[in-house]
Amino acid sequence: MEPITPSAYDTTSKGNLKPVVLAIACFVFIGMFLYYFYAPPGYKIGPQQPIPFSHQLHAGVKEIQCRFCHPYVDYSIHPGIPPVEKCLYCHNYIIPKHPEILKEHEYFNTASPTPWVKVNYLAEHVVFNHQRHIRNEIECQECHGEVEKKDRLQGVSFQMGFCVECHRKKKANIDCWLACHN
């Protein structure tokens, strides 16, 4: 009988490495398959809103300008979610008896704002005014994406790197105090 040497238990040899790598690859593949197979159908299309609103229909097909529904963007730091009255400006006459439009009427009749779910995020300490971008004729789509092609918005998390990268591409001011933090 041969004595057992420490090399008999050596797990670093190439012969044992292949099954370990193969097992890890299998786990990664199975994990990815399960993630994509069982992901909810709408997980990449943004949060569900209390009333289904299609930017594709309104901004795309009907070609309603962004500022019609978001009028405060020209002069306020809060471009605003449209008030229920703005929706009813059209929908008092266009499909007024549709079940989803009737929900809007209920919000109006009870003097309650529509509880829209926020989509775009900006850090709390940031005060952003769109006026400079509007004056420089920066299109809404450059930051917000092609909303006119989407039913539900996925949203954007606006972080400083996003803005700085765009400013560099456009050769815009990147001086902290002159450009943004004033």
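The values are calculated or read from the model by the stated rules, or taken from the named source; none is laboratory data. Since we're looking at a predicted model, the values are computed, not measured. Every residue, glycine as well, gets a Cβ built from its backbone with ideal geometry; the counts of neighbours run over all protein chains shown.
Filter the range 71-85 down to the residues that are among the hydrophobic types (A, V, I, L, M, F, W, C) and out of contact with any helix residue (DSSP H, G or I) (no Cβ under 8 Å at 6 or more places or on another chain), then identify the one that is modelled with the highest pLDDT. By that ranking, first place goes to Ile81. Return yes when Glu142 is surrounded by 13 or more Cβ atoms within 10 Å (Cβ to Cβ) and touching a residue at least 24 places away in the same chain (Cβ under 8 Å) and no when it is not. For Glu142, the condition - surrounded by 13 or more Cβ atoms within 10 Å (Cβ to Cβ) and touching a residue at least 24 places away in the same chain (Cβ under 8 Å) - is not met.
On inspection, Ala172 fails the criterion of being at pLDDT 90 or above, over 24 Å from Ser54 (Cβ atoms) and assigned to a loop (DSSP other than H, G, I, E, B). Inside the range 130-157, residues that are at pLDDT 85 or above and in contact with a strand residue (DSSP E or B) (Cβ under 8 Å, 6 or more places away or on another chain) make up a count of 1. Of all residues in the range 10-30, exactly one satisfies the criterion of being assigned to a helix (DSSP H, G or I), at pLDDT below 80 and surrounded by 10 or more Cβ atoms within 10 Å (Cβ to Cβ), namely Asn16.
For the range 62-138, please list each of the helices (runs of 4 or more DSSP H) lying entirely inside it that holds at least 1 residues being among the hydroxyl-bearing types (Ser, Thr, Tyr) and surrounded by 13 or more Cβ atoms within 10 Å (Cβ to Cβ). Write out each step before concluding.
Numbers: elements: 66-69, 84-91, 99-109, 131-135.
Once the helices (runs of 4 or more DSSP H) in the range 62-138 are filtered for at least 1 residues that are among the hydroxyl-bearing types (Ser, Thr, Tyr) and surrounded by 13 or more Cβ atoms within 10 Å (Cβ to Cβ), what remains is 84-91, 99-109.
Only residues that are surrounded by 15 or more Cβ atoms within 10 Å (Cβ to Cβ), outside any helix (DSSP H, G or I) and at negative phi were counted across the range 155-169, and they come to 1. Residues in the range 47-55 include at least one that is more than 27 Å from Asn129 (Cβ to Cβ) and among the aliphatic types (A, V, I, L, M).
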